[in-house]
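Colleague: Take a look at this one; I'll ask things after.
Derivation of every value follows stated rules applied to the coordinates shown; laboratory data play no part. Here the structure is a predicted model, which means the values were calculated and not measured. Glycine also receives a Cβ, built like all others from the backbone with ideal geometry; neighbour counts cover every protein chain displayed.
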Amino acid sequence: MTLTAATEAAMDRLAAALADERRALLDHDVELLMRSTGEKLAALRELEDAVPQGQAARLAELAEANRRNGALLARRRREVNWALRHLGRAESAPAYDAQGQAQQLHARRDLAVA
């Protein structure tokens, strides 16, 4: 089955957005990361409306690029959390307390003593 021009364009936009997202993660470019993530989500919404048939190989390639970006993003998050912990900043806990409030770790570390 052939792709419509709109579906093919959406797949091309998704591929470009994933490449930009990877570059943003590698270059620590927050503005490009936000822009490329928005473009990626817009392309995915278009593709949800018209799922491309007969494009399993290309879709698998795009899905793998997205997984690699997700792994890189997770690594960046761990690096940021590590740096925050060593600067005495708290991380958000993934749970809520009995009152429904997000719990937060309150670990302080003095960086210098006067």
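Colleague: Using a 10 Å cut-off on Cβ atoms, rank the peptides 43-50, 73-80 from the highest mean neighbour count down.
Modeller: Taking the mean over residues of other Cβ atoms within 10 Å, the ranking is 43-50, 73-80.
Colleague: To the nearest 20 debye, what charge dipole does the range 5-89 have about its Cα centre, counting +1 at the Cβ of each Lys and Arg and -1 at the Cβ of each Asp and Glu?
Modeller: So the magnitude is around 660 debye.
Colleague: Continuing with the same structure: For the range 5-89, max minus min Cα coordinate along each principal axis, in Å, sorted largest first?
Modeller: Extents along the principal axes: 52, 22, 19 Å.
Colleague: In whole Hz and in residue order, list the ³J(HN,Hα) couplings for the range 62-77 that follow from phi through the Karplus curve 6.51 cos²θ - 1.76 cosθ + 1.60, θ = phi - 60°; x for Gly and Pro.
Modeller: 5, 5, 5, 4, 5, 5, 4, 5, x, 5, 5, 5, 5, 5, 4, 5
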